[in-house]
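Contents: one structure, followed by commentary.
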Amino acid sequence: MHHVTPWDLADAESASLQDDKPHEECGVVGVWGSADAAALTALGLHALQHRGQEAAGIVSMETGAGIFHAHKGRGLVGDNFGDAAVIAGLPGRAAVGHNRYATTGETALRNVQPLYADFEFGGFAVAHNGNLTNAHTLKRALVRRGCLFQSTTDSEVFIHLIAISLYSTVTDRLIDALKQVQGAYSLVALHNGALIGARDPLGVRPLVIGKLPAGGPGGAYVLASETCALDIVGAEFLRDVEPGEIVVIDEAGLHSTKPFAAQPSRFCIFEYIYFARPDSTVEGTPVYETRKRIGAELARESGVAADVIVPVPDSGVPAAMGYAHEAGIPYELGIIRNHYVGRTFIEPTDHIRHLGVKLKHSANRAVLEGKRVVLVDDSIVRGTTSRKIVEMVRAAGATEVHMRISSPPTTHSCFYGIDTPERSKLLAAKHDVEEMAKIIGADSLAFISLDGLYRALGRPGRDAAQPGYCDACFTGDYAIPLVDLRDNAERPVSLLQAAAP
Ligand code: SF4
């Protein structure tokens with residue numbers, strides 16, 4: 001019998017990728033103290049749609065009564081919560097919600113968050129962004145103790161650890177659970193008494209606090225993965241949840257506790273490059289401005305004689321603007337993106353994946369013909385998309401095609417909540433930059449340097465002793481131990497998984 005290992009999971013993950021980009025794995029929202037809690041949560045999730053498009057869910061709660069209501073479904077937020085009757089079925093002054101990007105290829109509804117459980121203290125709902133690096137190890141131990149898992153998500157580990165905790169208050173039980181998990185997490189949780197937000201001790205994944213001007217004593221609170229979710233509901237940004245901080249929001253207001261020993265934070269640097277929405281401000285730094293600075297740095301580091309700077313839309317746009325401004329070369333939309341390509345339309349086979357590039361992008365011949373073109377993109381994962389785009393730009397008459405990338409080469413997989421292929425499938429893990437240029441068919445290829453990236457973030461360069469960010473996918477410097485991989489922990493095989501639709 002073949003036991004499923006984390007490596008197999010990585011394979012399954014790469015097979016499920018529908019295009020050649022790393023994927024964010026979830027956005028979370030929590031609201032406390034508003035009669036419109038579910039509607040505000042749905043709006044927040046809509047603003048965070050870029051963080052996960054496979055499924056969405058909301059659990060609302062009638063505070064005081066402790067009655068919970070849930071609605072979850074596959075697909076986009078608008079598909080699931082666009083109907084007023086659905087929102088009307090989620091009453092209460094508190095809610096938590098979740099957007100999911102399914103990484104194991106399994107999109108069964110029981111994996112759609114928020115997860116809910118009945119405890120002796122009442123109902124409890126939790127939604128989680130990130131990835132636990134000791135989930136399989138913990139899960140095996142919990143199953144041995146008799147815990148019955150209902151889903152195949154890491155996040156259910158929180159539920160069982162809370163269930164078996166000997167502490168009496170919900171917050172203490174959650175802290176007890178968090179002390180046993182390792183990995184990256186930003187989570188929102190709801191019980192009959194409070195909304196809770198928590199970030200892992202290194203603060204790898206984002207979580208912000210906002211406040212609505214009205215809606216209860218002192219106004220309603222909103223927790224969300226990014227500030228763009230606060231903007232859409234008109235909430236004022238208060239601050240980031242700090243690394244290792246747990247915020248508890250109840251009728252008396254916001255309380256903070258820091259149960260972990262303080263350590264230098266390691267926020268995901270890829271959020272600035274690609275994941276976060278450009279209109280969000282992350283850890284006090286506006287994403288759009290940062291991307292432009294990365295582009296300018298890239299132009300200084302690896303400028304090349306050219307007639308036009310062209311972004312690979314949409315994620316390459318701000319970096320291309322920064323590059324063009326710094327280089328003094330016109331910025332033009334040489335590639336037009338079709339926004340109306342349904343995800344299910346593209347089958348995850350190599351052949352169709354290639355066609356998918358043409359479905360999504362088309363070359364703007366009027367801008368490209370007879371020109372020396374610099375293409376600016378945010379990353380190269382497998383290289384399949386880059387190759388097709390270079391080919392497309394050449395076919396539209398470009399005389400030279402130079403590719404500039406606003407991240408350093410992606411040489412390692414992410415185990416902290418971003419869906420990347422296993423290492424052997426990453427182009428930069430196997431080839432140097434010159435070889436990669438040949439493979440994608442570009443006249444030249446350059447990536448921003450690690451120091452250049454840190455300079456764009458306002459630092460003198462990368463301080464290896466204390467980088468201040470997670471950059472493991474570029475350096476292999478994994479700050480959180482990869483427990484399951486290190487111990488080759490086998491994932492408990494679930495019969496339910498095998499039988500699931
Ligand atoms: Fe972000 Fe890369 Fe670290 Fe993953 S490995 S958390 S993508 S910087």
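The values are calculated or read from the model by the stated rules, or taken from the named source; none is laboratory data. Just so you know, these numbers come straight off a predicted model, no measurement behind them. Positions of Cβ are generated from backbone atoms using ideal geometry, with glycine treated the same way; all protein chains shown enter the neighbour counts. Just the protein is used for accessible areas: all its heavy atoms, side chains included, with ligands, DNA and RNA removed. Shrake-Rupley method; radii C 1.70, N 1.55, O 1.52, S 1.80 Å.
For segment 429-449, the condition holds for no residue, the condition being that it is in contact with a His (Cβ under 6 Å, 6 or more places away or on another chain) and either within 12 Å of the ligand (Cβ to nearest atom) or free of Cβ contacts under 8 Å to residues at least 40 places away in the same chain (or both).
Residues that are surrounded by fewer than 15 Cβ atoms within 10 Å (Cβ to Cβ), within 28 Å of the chain's Cα centre (by Cα) and among the small types (Gly, Ala, Ser) within segment 305-342 comprise just one, Gly342.
Taking the condition more than 15 Å from the ligand (Cβ to nearest atom) and open to solvent by 40 Å² or more (accessible area, probe 1.4 Å), does Arg404 pass?
Against the criterion (more than 15 Å from the ligand (Cβ to nearest atom) and open to solvent by 40 Å² or more (accessible area, probe 1.4 Å)), Arg404 does not qualify.
Of the numbered criteria (1) within 16 Å of the ligand (Cβ to nearest atom); (2) open to solvent by 10 Å² or more (accessible area, probe 1.4 Å), the one Arg300 fails is (1). Within segment 407-426, the set of residues being open to solvent by 10 Å² or more (accessible area, probe 1.4 Å), at pLDDT 95 or above and closer than 13 Å to Gly383 by Cα comprises Pro409, Thr411.
Checking Ile294, Ile269, Ile346 one by one, the residue that is in contact with a helix residue (DSSP H, G or I) (Cβ under 6 Å, 6 or more places away or on another chain), modelled with pLDDT of 95 or more and of a type outside the set (D, E, K, R) is Ile294 and no other.
Rundown of residues vs (1) acidic (Asp, Glu); (2) buried (at least 20 other Cβ atoms within 10 Å of the Cβ); (3) not assigned by TED's automatic domain parsing to the domain that holds Gly66, yes/no style:
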position: Ala141; (1), (2), (3): no, no, no
position: Leu148; (1), (2), (3): no, no, no
position: Thr153; (1), (2), (3): no, yes, no
position: Glu156; (1), (2), (3): yes, yes, no
position: Leu166; (1), (2), (3): no, no, no
position: Ala194; (1), (2), (3): no, yes, no
position: Pro201; (1), (2), (3): no, yes, no
position: Leu207; (1), (2), (3): no, yes, no
position: Gly210; (1), (2), (3): no, yes, no
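In summary, strands (runs of 3 or more DSSP E) completely within segment 46-129 and bearing 2 or more residues that are over 17 Å from Val28 (Cα atoms) occur at 67-74, 115-119. Picking from residues in segment 360-385 that are of a type in the set (Gly, Ala, Ser) and away from the ligand (no atom under 16 Å from the Cβ), the one that is farthest from Asn99 (Cα to Cα) is Gly370. Of all residues in segment 213-226, those satisfying the criterion of being touching a strand residue (DSSP E or B) at 6+ places or on another chain (Cβ under 6 Å) and surrounded by fewer than 23 Cβ atoms within 10 Å (Cβ to Cβ) are Gly218, Gly219.
Against the condition surrounded by fewer than 18 Cβ atoms within 10 Å (Cβ to Cβ) and modelled with pLDDT of 85 or more, how does Ala395 come out, does it pass? Yes: the conditions hold for Ala395.
Scanning segment 386-401 for residues that are within 16 Å of the ligand (Cβ to nearest atom) and not hydrophobic (A, V, I, L, M, F, W, C) turns up nothing.
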